[in-house]
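Asks: First, the structure itself, so that you have it in front of you.
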Amino acid sequence: MNRHQRMASRKSQTISRLNDTARAIDKAMNLAGVPASDKESFLNWTISSLWNTYKQKRMNKRIIIEDEIRKLGIRLPNGTVKKEYETSFELPGDRIHNVKLLGTEDLGLSFEYDGKCTLRGKPKMSGDFNLKLQYNTIEGEPVSELTIPVAFNPDPRNLWKNIPTDPNIPYYKADSRCQYIKVEAGEDGLMKKDIIAASQRGRSHAQEGKARDDHFSIYHCDDSDWYILAVADGAGSAKYSRKGSEVACNAVVEHCKNKLLNNPEFETSIREYEADRDNKEKRTNLTRHVIDIVYNGALNAHDAVKKVALANDEAKLKDFATTLMFAICKKYDFGWFIASFWVGDGAMCLFDDKNKTAKLLGTPDEGEFSGQTRFLTMPDIFRDPEVVKKRLRMAIVPDFTALFLMTDGVSDPMFETDKNLNDYSKWEEFYNRLQTGFPEDEIGGVNLSDDNENAKDQLLGWLDFWSQGNHDDRTIAILK
């Protein structure tokens, strides 16, 4: 039997069944005594009554299911724009099908139903929204619908204003700055390191259109192969601290540059000390040179800031208050020599990923009260007889991964406590975070590979990371 024959056969069987049904109904009406003249109207009334009863029963079942779902009291938790959001809720899956949640895509969310309802994604908009849960219950009944409210809070970063600094203010400074120094390999064949640095005005300053108080200055002496890095944090309470930090960094770099340009005696003292580190005389000789270059560099920076303050008839030295940390470094055939000076908060660390060490090049200053620190501009800093011992450091190491100098705008959110600054695992975590960035906030990492001049812009972008309650200026310099 072919296809057409099978279709004809099924049609014939259907007609036969309908005829049998019609005869049975007619017989039933005869037995009931329904007059022939009333048979059609009676049949229509019977079908209509049964149909209405059936629909009412079906509708009642739908209403019962709808009421059951309504009584579940589905509530979606609040979310935050650009933050991962995920929530789930249960439905009576054995009595409903074709479940949908309308309005999710416009919000940047996706909805899944596999016996359990799951809503996930990163909300794109803030505000109060009504999502529509649609589902089918009884076959033939219309689609059921339930309104489910949800609210998404704005991204906290978007609540901050970014008012540009007025360029007409005294001692104007750009709101951000970054720099990369690429050091070419020399004839000595020794591995070279590059320097990257970035400084970003903090949200607390941007909110009010205030200037960036931080500063950095970096330099590589091509002739002598010395590296110089300086970072300073102008005091937020000092109205001209932005100038103080700038003058301090520039002055100390200029001083060190001149001292390191042609200084064979210093170079010799380093080599002699390396050859015999237990020799007190050689250590004393090296220390004398370090004091002349590094300590006097800090003192020179203090005097330079003081000079600027004296030139301003309406200001005092404390109006230019700033911290200062700086280091000089050079690679020798036996390793790296590093000398540094540090006054104030923030962090300066020699990080070695291979040997799992993190050497803090000083101790953060703590003031009399929480949140206070010491400043380069405080005259008693250099009157302290222990100033050299407290603030000067020098070291010789075979190699290192990176030398970090950063203001507390970076160190506070990254390390939180001074104890953590002495914890290698925290520095390792910081080093990894520097490279991976903050994917949850769509902030990329910094490619620290050699000769990557884009690293300066990546580092500046990285400084925009979000940390609740930490909105100070952020500055970091890296020798890597």
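The values are calculated or read from the model by the stated rules, or taken from the named source; none is laboratory data. As the structure is a prediction and not an experimental result, all values here were calculated from the model. Positions of Cβ are generated from backbone atoms using ideal geometry, with glycine treated the same way; all protein chains shown enter the neighbour counts. The protein model used for the area step is the full one, side chains on, heavy atoms only, and it has no ligands, DNA or RNA in it. Shrake-Rupley method; radii C 1.70, N 1.55, O 1.52, S 1.80 Å.
Asks: Of the GluC sites (Glu not before Pro) in the range 119-205, which ones lie in a loop per DSSP and count no more than 13 other C-beta atoms within 10 Å? The partial results should precede the final answer.
Replies: Values: sites: E139, E145, E184, E187; in loops: E139, E184, E187.
Here the sparse-neighbourhood loop sites are E139, E184, E187.
Asks: Using 0.36 nm per residue of separation minus the Cα-Cα distance, give me the extension gain between E112 and D67 in nm, one decimal. Mind dumping the intermediate values first?
Replies: Values: separation 45, 0.36 × 45 = 16.20 nm, distance 2.27 nm.
Extending this stretch completely gives an extra 13.9 nm.
Asks: Next up: Starting from 0.36 nm per residue, how many nanometres of slack lie between E86 and R383 once their C-alpha separation is accounted for? Mind showing how you got there, number by number?
Replies: Working: separation 297, 0.36 × 297 = 106.92 nm, distance 5.93 nm.
Net length gain for the segment: 101.0 nm.
Asks: Once the Cβ-Cβ distance between D418 and R95 is put in as r, and R0 is 60 Å, what FRET efficiency do you end up with, to the nearest 0.05?
Replies: On the way: r = 61 Å, r/R0 = 1.02.
Computed FRET efficiency for D418 and R95: 0.45.
Asks: Still on this structure, I have one more. Work through the residues other than K39 whose Cβ is under 12 Å from its Cβ and net out their charges, Lys, Arg +1 and Asp, Glu -1.
Replies: On the way: positive: K27; negative: D26, D38, E40.
Here the count lands on -2.
Asks: Let me ask something else about it. So what's the gap between the Cα centers of the range 370-401 and the range 93-144, to the nearest angstrom?
Replies: Between the Cα centre of the range 370-401 and that of the range 93-144, the gap is 62 Å.
Asks: In addition: Please report, as a whole percent, how much of the solvent-accessible surface of the range 288-344 comes from carbon and sulfur atoms (probe radius 1.4 Å). Can you show the working numbers first?
Replies: Values: 990 of 2040 Å².
Answer for the range 288-344: carbon and sulfur cover 48 percent of the accessible area.
Asks: Quick one: net charge around N454, please, counting Lys, Arg +1 and Asp, Glu -1 for every other residue with C-beta under 15 Å from its C-beta. Don't jump to the answer; show the numbers that get you there.
Replies: On the way: positive: K182, K456, K480; negative: D194, D450, D451, E453, D457.
So the surrounding residues net to -2.
Asks: So, one more: Which net charge results for the neighbourhood of I396, defined as the other residues with beta-carbon distances under 15 angstrom from its beta-carbon, given Lys and Arg at +1 and Asp and Glu at -1?
Replies: Numbers: positive: R271, R277, K282, R283, K330, K331, K359, R393; negative: E267, E272, E274, D276, D278, D333, D352, D399.
Net charge in that neighbourhood comes out at 0.
Asks: Rolling a 1.4 angstrom probe over the protein heavy atoms, how many square angstrom per residue are accessible across the chain? Kindly include the intermediate steps, with their values, before the conclusion.
Replies: Numbers: 25360 Å² over 480 residues.
Per-residue value: 53 Å².
Asks: Using a 1.4 angstrom probe on heavy atoms only, work out the carbon and sulfur share of the accessible area of the range 115-218 in %.
Replies: Numbers: 2520 of 5120 Å².
C and S atoms contribute 49 percent here.
Asks: Would you mind computing, in nm to one decimal, how far apart the modelled labels at F42 and D222 are, each placed 7 Å from Cα along Cα→Cβ?
Replies: 11.5 nm
Asks: Can you tell me the 0 to 90 degree angle between the C-alpha axis of helix 424-436 and the longest principal axis of the chain, rounded to 10?
Replies: The angle comes out at about 60 degrees.
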